[in-house]
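Since the structure comes first, as structure tokens, the remarks are kept for the end.
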Amino acid sequence: MKRLLLFATTMLLAVSCIKVVLPTKKGAEAEEAATETEAVVEAVEVVKPNVPMVYSKAYDGFVNVRCEPTTRSEIICQLPNGPEGAELLGVEGKWTKVRIDGYEGYVSSAYVQSTPTKPVYVDAGFVVGAWRLVTSPFPIDYLVFSDGTYALYHDGFMEGAVSEAGKWYLEENSIVFNKAYDFAYSEVMRSVTRFDIDTNQHQFVSKDSNYKRTYDYTPALLESWRKDVKSYAKM
């Protein structure tokens, strides 16, 4: 009996001393498991709120953001053309309330839209003025005005007169002329002409023709042309 009790006690002590060792992943298996865990974490997509946005479509490349919905109000920042945009907060008549870079203010509704636009890389001040066709023996000039309108002056047309009028806008490194009225036909005629802008050579460049900056027009003369064509350009 004593022998049996001693044997049982010995076996109990032996079992209590056994350390259960579970198999572990080593080397490549461990790295693979960690990678799988990271992939699961990365796969969790953060859902952002669907915030309505507006984007500048200003002809000169940006629209001013003002404190109040009036042109007399202080300009607090600018909303540039491009895909970034500003958060839409509401519309008040001809003005749109936006949030941009921590500022809240108002932009003219006429110069914004709900879809992204292309950025502008050229200063609008560079293109305002007169640009002459370099291959013509007589003046054929694009007259670019600071209010977003333009006229095409053709010296061979009606002994020197405007032959068309319309609006212009900038897009990346290009200027786009959007014709509204054709004086040769005395009617509205829509067409679009695009030129790349070469600031180094002071030229408008296309596949068919180049126009180079000319200084034959005084500011007073350009202003008189602008007044003549403005009503047609706005059609």
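The values are calculated or read from the model by the stated rules, or taken from the named source; none is laboratory data. Owing to the predicted nature of the structure, the values given are computational and were not obtained by experimental measurement. Glycine also receives a Cβ, built like all others from the backbone with ideal geometry; neighbour counts cover every protein chain displayed.
Screening the candidates ALA180, ALA233 for the property of being buried (at least 18 other Cβ atoms within 10 Å of the Cβ), of a type outside the set (S, T, N, Q) and free of Cβ contacts under 8 Å to residues at least 60 places away in the same chain yields one hit, ALA180.
Please verify whether region 73-95 includes one or more residues that are under 19 Å from the mean Cα position of the chain (by Cα), modelled with pLDDT under 95 and exposed (fewer than 14 other Cβ atoms within 10 Å of the Cβ). The answer is no; no qualifying residue exists. On the stretch given as region 166-205, residues that are modelled with pLDDT under 95 and part of a loop (DSSP other than H, G, I, E, B) total 4.
Among the residues in region 209-218, are any of a type in the set (D, E, K, R), part of a strand (DSSP E or B) and either in the same structural domain as SER163 (by TED's automatic domain parsing) or free of Cβ contacts under 8 Å to residues at least 60 places away in the same chain (or both)? Looking for residues that are of a type in the set (D, E, K, R), part of a strand (DSSP E or B) and either in the same structural domain as SER163 (by TED's automatic domain parsing) or free of Cβ contacts under 8 Å to residues at least 60 places away in the same chain (or both), one finds at least one in region 209-218, hence yes.
Of the residues making up region 140-147, at least one is hydroxyl-bearing (Ser, Thr, Tyr) and surrounded by 20 or more Cβ atoms within 10 Å (Cβ to Cβ).
Matching residues to (1) outside the structural domain of LYS57 (by TED's automatic domain parsing); (2) more than 28 Å from PRO83 (Cα to Cα); (3) in contact with an Asp or Glu (Cβ under 6 Å, 6 or more places away or on another chain):
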position	(1), (2), (3)
SER136	yes, yes, no
TYR150	yes, no, no
HIS154	yes, yes, no
GLU164	yes, yes, yes
TYR169	yes, no, no
ASN178	yes, no, no
ASN200	yes, no, no
VAL205	yes, no, yes
TRP225	yes, yes, no
